[in-house]
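The values are calculated or read from the model by the stated rules, or taken from the named source; none is laboratory data. As the structure is a prediction and not an experimental result, all values here were calculated from the model. Counting neighbours? That spans all protein chains shown, and the Cβs are built from the backbone with ideal geometry, glycine included. Areas reflect the complete protein model, heavy atoms only, side chains present, ligands, DNA and RNA absent. Shrake-Rupley method; radii C 1.70, N 1.55, O 1.52, S 1.80 Å.
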Amino acid sequence: MALTERTIIDKYEVVGDFKHIQCRHATIIERDGVEISRSFHRHVIAPSDDVTGEPQEVQALVALMHTPEVIAAYEAHVSEDPMKPVKPMKPIKPVKPTWLRSGRVSNV
């Protein structure tokens, strides 16, 4: 019974006005070639970040999305006020799960 572990970048997302790139890493545990566990973590690449240590596909995505205009706008934004959010956040209204809204709760 052999356990193996491998990590892959399985998802890329480009988000926000300044095209931040989120890279999701999946850590996969396999027993005899059958997946038994998968967990995730992310790291984010900002327009001003150095990506020389990133995989080639990430560097290509950065070259495509982080144009000189995007980098200049991001650096101007950060120098203005680094703690200012890009867009004002709306308050989140909590929502009850449907099983609580129905009033019917059973011990299953």
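Here is a yes/no grid of residues against (1) part of a helix (DSSP H, G or I); (2) modelled with pLDDT under 95; (3) among the acidic types (D, E):
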position	(1), (2), (3)
M1	no, yes, no
D10	no, yes, yes
D17	no, yes, yes
I21	no, no, no
D49	no, yes, yes
G53	no, yes, no
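Is there any pair with a first residue in the range 11-32 that is among the acidic types (D, E) and a second that is open to solvent by 60 Å² or more (accessible area, probe 1.4 Å) and not in a strand (DSSP E or B) whose Cβ atoms are under 9 Å apart and which are 6 or more apart or on different chains, and what are they?
Pairs that qualify, where the first residue is among the acidic types (D, E) and the partner is open to solvent by 60 Å² or more (accessible area, probe 1.4 Å) and not in a strand (DSSP E or B), are D17/V86; D17/K87; D32/M1.
Say whether the condition of being in contact (Cβ under 8 Å) with a residue 40 or more places away in the chain and either on the phi < 0 side of the Ramachandran plot or not hydroxyl-bearing (S, T, Y) (or both) is met by at least one residue in the range 36-50. Show your work before the answer.
The first filter runs over the range 36-50 and keeps only residues in contact (Cβ under 8 Å) with a residue 40 or more places away in the chain, leaving none.
Scanning the range 36-50 turns up no residue that is in contact (Cβ under 8 Å) with a residue 40 or more places away in the chain and either on the phi < 0 side of the Ramachandran plot or not hydroxyl-bearing (S, T, Y) (or both).
Does the range 28-61 hold any residues that are surrounded by 10 or more Cβ atoms within 10 Å (Cβ to Cβ), over 30 Å from F18 (Cα atoms) and among the small types (G, A, S), and which are they?
If the condition is that a residue be surrounded by 10 or more Cβ atoms within 10 Å (Cβ to Cβ), over 30 Å from F18 (Cα atoms) and among the small types (G, A, S), then S37 is the only one that fits.
Kindly provide the set of residues from the range 13-61 that are within 9 Å of the chain's Cα centre (by Cα), among the hydrophobic types (A, V, I, L, M, F, W, C) and over 30 Å from A76 (Cβ atoms), ordered by number.
Those that are within 9 Å of the chain's Cα centre (by Cα), among the hydrophobic types (A, V, I, L, M, F, W, C) and over 30 Å from A76 (Cβ atoms): none in the range 13-61.
Select, from V78, V95, V86, the only residue that is in a helix (DSSP H, G or I) and at pLDDT below 95.
On the way: V95 fails: in a helix (DSSP H, G or I); V86 fails: in a helix (DSSP H, G or I).
Sole residue among the options that is in a helix (DSSP H, G or I) and at pLDDT below 95: V78.
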